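Novice: Sending over a structure as structure tokens; questions will come in a sec.
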Amino acid sequence: MRPSGRLHLGNYFGALQNWVALQDEFECVYGVADVHALTTEVGEAARSIAPNTREMVLDWLAAGVDPDRSLLYVQSQAPEVLTLHTLLSMSTPLGWLMRVPTFKERVRQMNETEENVSYGLVGYPVLQTADIIFAKAEWVPVGVDQAPHVELSREIVRRFNNLYGDTFPEPQVRLTESPSITGTDGANKMSKSLDNHIELAMSEEETRERVRTMVTDPQRARRADPGRPWVCNVYAFHALFNPGRREEIYRLCTTAGIGCVDDKAILADGVNDYFRAFRERRREFETAPRLVDETLAAGADRARAIARETLREVYDRIGLAPIP
């Protein structure tokens, strides 16, 4: 994950809860993509990356990502991974990277021309591949929309293996259920940049305030009007936070038994109940100021040791002078 600070509901249901569950089945590697963040956070904005890393990792730990079972590391603290990225870039055709749909979309979002974007943005998939293969990962957990990114990593690996001999396994997609969470505006995917998000670590009152702003049925003008829960964003959220009450809420909404204000209050209570234990754990972790630093330092040591051995093999395959 790129370090964007405290995570929101979209991050949790789209990825983080899967990360926690996968620990029961695999030896997992979870990275803070802070070097990737430099493709957009430049100049003074880059100073936000370190504090955002701490906030994000606190959310990981509170959600149940366990550094005793999984490897947690920060890209910039494992320079061997960056070296692997450089070596992979020497055999990756530029045309492959320029055709990546997400590259073109990012260029559009940045209001830049392809000639003006940074090399780092063009080479984003190569660094992503280094993140995957430094530990010779066999599986990459993604939603179906991200599967093409892993396919590009497979092509980069396949080309390297063809040039220098079998070195890396071709990573396979591990499809995970990653629901797209609509934001409080009811129109766009939940996003910090759109300010339509609900953070996991918000207080209960902050959560209620956010839920109160949520868009509901636009045709329901008065409390006495029957609602249409099938077009209501708040009702959609009940599937996550109040699944046992959906039929009741549907009936009350369609008969004007409750209004939108009441409906939002039920949802806010559901969100607060769901994340109460998470927030308590996070507060405990926040009182241990060195916890994140120590966790990431230990992870960096492990990541560097693994990546160093991989680099020794890569240097030998290519024919470079051995690493001292």
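Novice: Of the residues Asn196, Asn188, which single one is of a type in the set (S, T, N, Q), surrounded by 15 or more Cβ atoms within 10 Å (Cβ to Cβ) and without any contact (Cβ under 8 Å) to a residue 24 or more places away in the chain?
Specialist: Details: Asn188 fails: surrounded by 15 or more Cβ atoms within 10 Å (Cβ to Cβ).
Checking each option against the conditions leaves just Asn196.
Novice: Right, here's the next one. Could you name every one of the helices (runs of 4 or more DSSP H) located completely within the range 63-170 that has at least 3 residues being of a type outside the set (S, T, N, Q) and touching a residue at least 24 places away in the same chain (Cβ under 8 Å)? Quick ask: steps written out before the conclusion?
Specialist: Details: elements: 79-89, 94-98, 101-109, 119-122, 124-133, 147-164.
In the range 63-170, 79-89, 94-98, 119-122, 124-133, 147-164 are the helices (runs of 4 or more DSSP H) which contain 3 or more residues that are of a type outside the set (S, T, N, Q) and touching a residue at least 24 places away in the same chain (Cβ under 8 Å).
For every residue, the table says whether it meets (1) at pLDDT 95 or above; (2) more than 30 Å from Val314 (Cβ to Cβ).
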residue: Arg54; (1), (2): yes, yes
residue: Pro101; (1), (2): no, no
residue: Arg108; (1), (2): no, yes
residue: Thr113; (1), (2): no, yes
residue: Ser118; (1), (2): no, no
residue: Val122; (1), (2): no, no
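Novice: While we're here: Consider the range 231-290. How many of its residues are among the basic types (Lys, Arg), more than 24 Å from the chain's Cα centre (by Cα) and farther than 21 Å from His197 by Cα?
Specialist: Residues of the range 231-290 that are among the basic types (Lys, Arg), as a first pass: 245-246, 251, 264, 276, 279, 281-283, 290.
Okay, now just the ones that are also more than 24 Å from the chain's Cα centre (by Cα), so 245-246, 251, 264.
Next, only the ones that are farther than 21 Å from His197 by Cα stay: 245-246, 251.
So the answer is 3.
Novice: Given the residues Ala201, Ala239, Ala256, Ala224, which is the only one that is among the small types (Gly, Ala, Ser), surrounded by fewer than 14 Cβ atoms within 10 Å (Cβ to Cβ) and not in a helix (DSSP H, G or I)? Write out each step before concluding.
Specialist: Values: Ala201 fails: surrounded by fewer than 14 Cβ atoms within 10 Å (Cβ to Cβ); Ala239 fails: not in a helix (DSSP H, G or I); Ala256 fails: surrounded by fewer than 14 Cβ atoms within 10 Å (Cβ to Cβ).
Just one listed residue meets the conditions, Ala224.
Novice: Please specify each residue of the range 259-297 satisfying the condition of being over 12 Å from Leu200 (Cα atoms), in a loop (DSSP other than H, G, I, E, B) and either open to solvent by less than 30 Å² (accessible area, probe 1.4 Å) or of a type in the set (Asp, Glu) (or both).
Specialist: Gly259
Novice: Pairs please, first residue from the range 204-231 and farther than 13 Å from Cys253 by Cα, second anywhere and part of a helix (DSSP H, G or I) and among the charged types (D, E, K, R), Cβ atoms under 7 Å, 6+ apart in sequence or on different chains.
Specialist: From residues that are farther than 13 Å from Cys253 by Cα, the pairs are Val211/Lys264; Arg212/Lys264; Met214/Lys264.
The values are calculated or read from the model by the stated rules, or taken from the named source; none is laboratory data. For clarity, every value in this text was computed on a predicted model and none was experimentally measured. We place every Cβ from the backbone using ideal geometry, glycine too, and count neighbours over all the protein chains shown. Note: areas computed on protein heavy atoms with side chains; ligands, DNA, RNA excluded. Shrake-Rupley method; radii C 1.70, N 1.55, O 1.52, S 1.80 Å.
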